[in-house]
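Beneath this line is the structure, given in structure tokens, with notes to follow.
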Amino acid sequence: MKKFSLLVLGALLFVACPATWENSAKIYMQKGMYEEAKEQAIIGTQQVPVPFRAYCLLAQAELGLANSPAATKAFRDGIKIDSVGTMQWIMNDKNNTSLYWQTFYNSAVAITTEKKYKEALSDLVICKQIDPTNVNIFILEGLIYGELGDKEASSAAYKKAVEIDPQNPEPYFRIGMSYFEKKNYDTALVYFEKSVTMFATGHENSKKIVFQNVEFDKTLAQEIFSLSNAKKNDELDKVVKLKLGFDNGLAAQARNIEKFVRTMDGLSRAYYYTGITYYNGQKDTLALNNLSAALDLNPNDLDALFFSGEILIKHQKWTEAQARFEKVTSIKDDDIVAWFYVGVCLMQLKDYKKAISVYEDKVLKYDPKNLDAFTNLAICYRELGDTKKAMEYLQKKELLLKGQ
């Protein structure tokens, strides 16, 4: 009996020792030899009957190789085999738990853009198990449920985000959007204006950091915003060095620039939707103020340019309106409506020759059967004393109306 017990104990001790592939993978990992560690982990996935640990080590190696999508897949494979074991492995690796959270969150963000919403929600479930207090989970979850048309789940996620972080402006903005889409403008406005206040505070704080060496300049801020969104990092690096006075450039200031641009974008969006909410409520002055504030941050916002231009036309501020619509056309040359409004402004300013050029060279170029353009061209030529040309356009209009 004693001999048998010793054999069993010996067998147990032998089995309890990590397999060669596992030892090798861990040693390679410690040395930063991630490709070799990956090879050993793959061997483990092929040799072990329940290889969730092998998949966890494979994920770790892939992260060492900066291959986040492959790491996420390896973790998912481990979860399919043994969800409890894999999650325990993740939670027990205290030094890297936050990295694993970020891996799953980044995956959820990436596949959300691909409209793989169910997969993204699955990744967020894992994020919740790792860190259930991270507000970004619920903001993204609310966005996904909104895209899926589940308004109740979307609203619940955003409210949870507010509960976790009452000073975060994004969930307030998203809740405002949910009411805006329901055309409940009064309630939407409450949330939009709260998000404006919070985004403004965050943006002011980040502005002080980015412009600590130089005086704040709105045009420079807009340039930074534009270059960052266009991912023109080489040009942005020069701006950071030469115009902001940071000798180490973008490499050292990347996080500060990212936060500055993010809060700038958030504040611009919040101003825009506050403006549009007032616009829908026919409160033109408040609408114009907020839309103009959005444009101070993002001068290329086509929607803000367009709607503010319409308000300016409504109040007969022709020169200002013309500038807004010309800005639209400089960004989007084939915007027929914007070109048409440019022509209207020029007509009201009695610059009939320029108005004719806009209608003939732009509006009719993109829409050869635009009846309103024919009418306005007839008016312009009549004002210039060219009754023959005016009559010609009126006749063209009549023929089109008759279907000829």
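No value in this document is a laboratory result; all are computed from the given coordinates. The structure presented is a predicted model; accordingly, all values stated were derived computationally and were not measured. Glycine also receives a Cβ, built like all others from the backbone with ideal geometry; neighbour counts cover every protein chain displayed.
So the values come out like this:
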read-out	value
Burial ordering of Glu392, Glu35, fewest other beta-carbon atoms within 10 Å first	Glu35, Glu392
Stretchable slack from Ala19 to Gln167, in nm (0.36 nm times residue separation minus alpha-carbon distance)	48.3 nm
Added length on full extension, which subtracts the Cα-Cα distance from 0.36 nm per residue, Lys159 to Lys353	64.2 nm
Per-residue Cβ neighbour rank within 10 angstrom, fewest leading, Leu312, Leu58	Leu312, Leu58
Charge tally in the Cβ shell below 14 Å around Lys402, where Lys, Arg are +1 and Asp, Glu are -1, Lys402 excluded	+2
Net charge of Cβ neighbours under 14 Å - reference Asp247; Lys, Arg +1; Asp, Glu -1	+2
Given charges at beta-carbon only (K, R positive; D, E negative), |dipole| of the stretch 337-404 in Debye	80
Mean residue ellipticity (222 nm) of the chain, computed from DSSP H runs ≥ 4 via -39,500 (n - 2.57), nearest 500	-25500 deg cm²/dmol
Scattering curve values for the stretch 337-404, log₁₀ I(q)/I(0), Debye with Cα scatterers, q = 0.12, 0.20 Å⁻¹	-0.26, -0.72
Volume in Å³ per residue [convex hull over Cα atoms, computed for the chain]	219
For peptides 263-272, 221-230, sequence by mean Cβ density within 10 Å, most packed first	263-272, 221-230
Nearest-0.05 FRET efficiency for Gln129 and Ile379, computed from C-beta distance (R0 56 Å)	0.25
The chain, relative contact order [Cα under 8 Å, separation at least 6], %	6
Rel. contact order, % - alpha carbon contacts under 8 angstrom, at least six apart, the stretch 100-228	14
Lysines whose Cα lies under 18 Å from that of Lys80, excluding same-chain neighbours fewer than 8 positions away	Lys118, Lys128
Across Lys73/Lys183; Lys38/Lys207; Lys116/Lys207; Lys208/Lys327, pairs whose alpha-carbon gap is larger than 32 Å	Lys73/Lys183; Lys38/Lys207; Lys116/Lys207
Distance from the stretch 315-356 to the stretch 104-171 (C-alpha centre basis), Å	42
